[in-house]
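So the structure is just underneath, and the comments pick up after that.
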Amino acid sequence: MTGGAIGLRTGSYGSLQQQPQNGLSHLQTAPGLVRKPSKMLFSSSREKEKLRPFICRCLGRRKVAMLLLVVLALLVFIFGSFTVNKESTTVNVTQHSQVIVTSDKWTPSDSESIPVLEDGHDVKNTTLNTMTGSDGSNAQIPFHLRAHRLPLPKNPAVVVPENDPPFVNPCESFAFPPPPPPDPKRIGPRPCPVCYIPVELALASMPRLPSVSPVVHNLTYVLDENPTRSEPYGGSEFGGYPSVQQRADSFDIKESMKVHCGFVKGSKPGKQTGFDIDEADLMELQQFHDVIVASAIFGNYDIIQQPKNVSELAKKLVPFYMFIDEETEAYLKNSSDFASSKKVGLWRIIVVHNIPYSDSRRNGKIPKLLLHRIFPNVRYSIWIDGKLQLVVDPYQVLERFLWRQNATFAISRHYKRYDVFEEAEANRAAGKYDNVSIDRQVEFYRKEGLKPYSKAKLPITSDVPEGCVIIREHIAITNLFSCLWFNEVDRFTSRDQLSFSTVRDKVMERVIWSINMFMDCERRNFVIQAYHRELLEHMPPPVKVIRYFPPVLPINNRYAKILTGKKTSTRRGKEKKYSSKRHRKSISRDNLL
């Protein structure tokens with residue numbers, strides 16, 4: 001067999017290359033290797049042979065290899081992210097939607113009962129693993145609502161899934177930055193940065209059940225239709241004239257207690273008690289709310305400040321109540337919005353009649369300290385004085401100063417003073433109250449054992465609060481503290497900073513309970529302080545600055561050198577003589593023509 005009879009083997013499937021012979025093209029195959037050629041394979045191989053050198057010539061082998069690696073890595077990344085999203089979206093998205101719905105449209109099912117918020121009632125057993133919507137469908141409680149702060153009751157019906165991710169607060173790693181350098185033009189207290197989590201996460205972190213009140217569980221209040229004064233300094237008729245012995249008994253904290261707490265007359269707070277509210281408004285105040293924001297203006301003393309940066313969710317779920325007296329109402333009646341809707345911006349106006357005190361500042365202490373009596377079905381409240389403007393969402397404030405700290409009562413400490421004796425001296429110097437009354441109150445506390453603040457009281461950092469903001473949960477122990485604090489204000493001066501530490505220390509001697517006293521610069525982060533109306537009205541109007549602009553000089557050839565700053569010639573006489581001579585020559589020529 002000659003070499004021409006054997007075909008040259010090429011390709012990968014044993015196809016033989018055609019050999020020209022005698023001008024004819026035919027195929028010769030070895031015995032046993034006869035195979036019908038495939039047109040598709042033949043064409044594809046030819047195309048590969050043509051395409052490969054073209055790619056290698058354009059890009060090079062290294063670039064082709066790198067391109068293939070990049071494409072492979074991109075495919076792996078897309079596939080991995082798609083798998084992770086498929087597993088996680090079913091958890092995160094449903095939790096987010098449940099958080100919003102549960103506080104608005106969802107109602108408790110038959111297997112769970114809403115805890116009674118009235119004092120003297122224990123929290124009933126609840127089934128914590130499911131919630132029922134208005135359509136009857138069940139859904140799993142999000143992790144934030146199920147396991148925040150309070151331990152779960154040992155109930156065999158409770159099934160806690162093990163695959164819930166742990167809740168990581170995005171503000172856990174937050175640290176205060178160094179203070180800014182001193183500015184001689186801006187002295188006094190300044191706000192400091194505060195880390196707030198998003199509103200949806202803040203709402204999700206709201207505890208599912210009320211906090212457990214230490215020691216005291218059943219708290220009731222004294223009612224007396226005809227209170228009589230038995231001692232020279234026994235408070236007021238609105239407060240019931242508690243005696244010194246009754247005051248001492250109120251600090252003996254027990255499981256069941258009955259104390260003076262204002263509103264001693266009438267069937268319920270706000271009805272024939274001396275702090276009377278219209279029936280329609282009373283029905284509004286009896287409604288159940290998780291969170292409220294409250295303030296008050298009496299004696300037309302302040303200008304209503306509208307909250308800012310409030311989320312649409314909070315506007316829908318959190319009511320804002322402003323208590324005013326008839327004098328302030330007369331001023332607001334000039335506003336058409338108030339006359340038709342009883343609202344000024346976000347504030348729902350509550351008009352109070354028959355105010356019990358002649359001092360407007362003392363009247364303002366009633367809603368400030370006794371919100372739990374005016375709102376019997378509210379879980380959390382934020383009180384701000386009428387001169388303050390809220391600039392942070394209420395849910396974010398509660399999460400930052402209550403829920404994150406596992407606290408039930410929060411108030412900022414004074415920006416400068418931390419000793420009651422120093423605070424009393426500052427009140428005397430500023431004329432905040434009658435000096436004789438201040439001296440009598442401080443002397444009474446001194447005889448009871450009040451001492452100047454020292455480091456021995458740590459971890460208590462201050463005895464003087466900045467009481468313009470109070471954040472609290474309405475449970476028995478905080479309600480008792482508020483009642484006892486109000487009784488001190490009713491008995492002595494209306495300067496609540498002087499009586500705060502006395503009530504706090506007496507309660508903490510008998511109960512394992514504390515108050516979150518945060519820094520005043522943190523308070524200034526979420527509220528902005530404005531001037532009282534009296535100061536604003538007596539302020540001189542702003543001086544209008546009048547600026548004088550000199551007239552613009554005309555620019556021509558004669559003054560061009562002066563305006564451009566070029567040095568002028570000092571040969572004035574010669575230049576004038578030359579110009580006059582030239583002028584005479586031009587005249588004579590014109591006459592000749």
| remark: When the charge dipole of segment 400-537 is computed with +1 at the Cβ of Lys and Arg and -1 at the Cβ of Asp and Glu, the Cα pointing farthest to the positive end, of V420, I528, T461, is that of T461
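Would you please classify the overall shape of segment 297-444 from the alpha carbon gyration tensor, given that a ≥ b ≥ c denote the square roots of the eigenvalues, rounded means a/c under 1.5, and beyond that prolate means a/b larger than b/c while oblate covers the rest? It would help to have the intermediate numbers written out before the result.
On the way: a/c = 2.06, a/b = 1.25, b/c = 1.65.
Judged from the Cα gyration tensor, segment 297-444 comes out oblate (a/c at least 1.5, b/c at or above a/b).
Rounded, prolate or oblate: which fits segment 180-269 when a ≥ b ≥ c are the square roots of the eigenvalues of the alpha-carbon gyration tensor, with rounded for a/c under 1.5 and prolate only if a/b beats b/c?
Oblate shape, in that a/c is at least 1.5 and b/c is the bigger or equal ratio.
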| query | So, with +1 on the Cβ of K and R and -1 on the Cβ of D and E, and no other charges, what is the size of the charge dipole of segment 345-390 about its Cα centre, to the nearest 20 debye? | reply | 80
| note | Given pairs K416/K447; K265/K342; K457/K506; K365/K451 and cut-off 18 Å on Cα-Cα distance, the over-length ones are K416/K447; K265/K342; K365/K451
| Is segment 220-274 rounded, prolate or oblate when judged by the Cα gyration tensor, a ≥ b ≥ c being the square roots of its eigenvalues, rounded requiring a/c under 1.5 and prolate requiring a/b larger than b/c? | oblate
| Inter-label distance for V64 and E448, nm, one decimal - labels placed 7 Å from Cα along Cα-to-Cβ | 9.2
| query | Would you list E255, E473, E443, E509 from the most to the least accessible area, probe 1.4 Å? | reply | E509, E255, E443, E473
| query | Under a 5 Å amide H to amide H cut-off, with H placed in plane at 1.01 Å, what residues pair with Y321 once short-range neighbours are removed? | reply | V293, A294, S295, R348
| task | On the full set of protein chains, 1.4 Å probe, figure out the accessible area of I187 and give it in Å² to the nearest 10. | result | 140
| message | Let me cross-check F176: its accessible surface, 1.4 Å probe, with only protein heavy atoms counted, in Å² to the nearest 10? | response | 100
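The values are calculated or read from the model by the stated rules, or taken from the named source; none is laboratory data. Bear in mind the structure is a predicted one, so any value in this text is a computation, not a measurement. All Cβ positions, glycine included, derive from the backbone under ideal geometry; neighbour counts span all protein chains shown. Keep in mind that these areas ignore ligands, DNA and RNA; they rest on the heavy atoms of the full protein, side chains included. Shrake-Rupley method; radii C 1.70, N 1.55, O 1.52, S 1.80 Å.
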